[in-house]
Amino acid sequence: MHNLYFTRHGETVWNVENKICGMTDSPLTARGRAQAAALGAHVRDSGVHIDEILYSPLSRAADTALAIAEATGIPARPEPRLREQCFGRYEGTPRDGAEFKVSKTHFADRYSGGESMLQLAQRIYDLLDELRADESKTYLLVAHNGIARVVRSYFYDMTNEEYAAFGIRNCEFVEYTFE
């Protein structure tokens, strides 16, 4: 048994504007940068042992991860599989749009040029399987809300409705245990 930690990037411009970011690179706000710095201080002061930070290459996650690394001294590197799901035609639209809420429960839907939940789950589950096998290291993953749902579903049973509704706050720090 060993642990894995996960956090979502700090607040972005599009989070404030209630827009779906997906693969669109929305930068951190001043509040988002402060959240990342505060999370770095929390990790540093908590006594939690983390060997390496893996982060999405999108700037909002990269900037968050690098702030945590700076505060803690933990090495960090980009992991392309942690990039957010491509939501196709929904990117830039309201996060709480009725049509999008329904589409999130259709796991094979590619959102007219995007990436299906099934495709997303494959790349994230493959990564998590690799991290599970590497019992010598404890990782912090810095990614996105869509990735948070998949990671949660790897560790816990979820209905389609629970999956579609699940989310975490910006810079929320979550612990999972590989058994």
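Averaged per residue, what accessible area in Å² does the chain show with a 1.4 Å probe, protein chains only?
Details: 8250 Å² over 179 residues.
Heavy-atom SASA per residue in the chain reads 46 Å².
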Set of lysines with alpha-carbon distance to LYS19 below 23 Å, sequence-local pairs under 8 removed: LYS101, LYS104
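Find the Rg to Rh ratio for the stretch 1-78, where Rh is the Kirkwood radius over alpha-carbon pairs and Rg uses the same atoms.
Values: Rg = 12.7 Å, Rh = 12.8 Å.
Reported Rg/Rh (Cα atoms, Kirkwood Rh): 0.99.
Using a 1.4 angstrom probe on heavy atoms only, work out the carbon and sulfur share of the accessible area of the chain in %.
Details: 4070 of 8250 Å².
Ligands and nucleic acids excluded, carbon and sulfur reach 49 percent.
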Ignoring everything except DSSP H segments at least 4 long, calculate the 222 nm mean residue ellipticity for the chain; use -39,500 (n - 2.57) per segment, divide by total residues, nearest 500. -12500 deg cm²/dmol
From the residues GLY47, THR159, PHE87, which one has its Cα farthest along the dipole of the stretch 26-164 in the positive direction, the dipole being from +1 and -1 charges on Cβ of Lys/Arg and Asp/Glu about the Cα centre? PHE87
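Treat every Asp and Glu Cβ in the stretch 31-177 as -1 and every Lys and Arg Cβ as +1, leave all other atoms uncharged, and give the resulting dipole magnitude about the Cα centre to the nearest 20 debye. Don't skip to the end; give the middle numbers.
Numbers: 18 positive and 22 negative charges, 98 e Å.
The dipole of the stretch 31-177 has a size of about 460 debye.
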Please figure out what share of the DSSP beta bridges in the chain is antiparallel and state it in percent, rounded to the nearest 5. 40 percent
Note, THR93: beta-carbon cut-off 9 Å, +1 each Lys/Arg, -1 each Asp/Glu, net +1
Pick out, from SER56, ALA98, GLY32, the residue whose Cα sits farthest towards the positive end of the charge dipole of the stretch 25-144, with +1 on the Cβ of Lys and Arg and -1 on the Cβ of Asp and Glu. ALA98
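Could you size up the charge dipole of the stretch 88-134 around its Cα centre, putting +1 on the beta carbon of Lys and Arg and -1 on that of Asp and Glu, and report it in debye to the nearest 20? Intermediate results must be reported in sequence, preceding the final value.
Numbers: 7 positive and 9 negative charges, 48 e Å.
Dipole magnitude for the stretch 88-134 comes out near 240 debye.
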Angle between the chain longest axis and helix 145-155 axis [Cα atoms, degrees, rounded to 10]: 70 degrees
For the ranges 80-88, 11-19, 154-162, what's the packing order if you count other beta-carbon atoms within 10 Å of each residue, average per peptide, and put the highest first? 80-88, 11-19, 154-162
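The values are calculated or read from the model by the stated rules, or taken from the named source; none is laboratory data. These numbers were taken from a predicted model, which means no experiment stands behind them. Counting neighbours? That spans all protein chains shown, and the Cβs are built from the backbone with ideal geometry, glycine included. Ligands, DNA and RNA are excluded from the accessible area calculation, which covers all protein heavy atoms including side chains. Shrake-Rupley method; radii C 1.70, N 1.55, O 1.52, S 1.80 Å.
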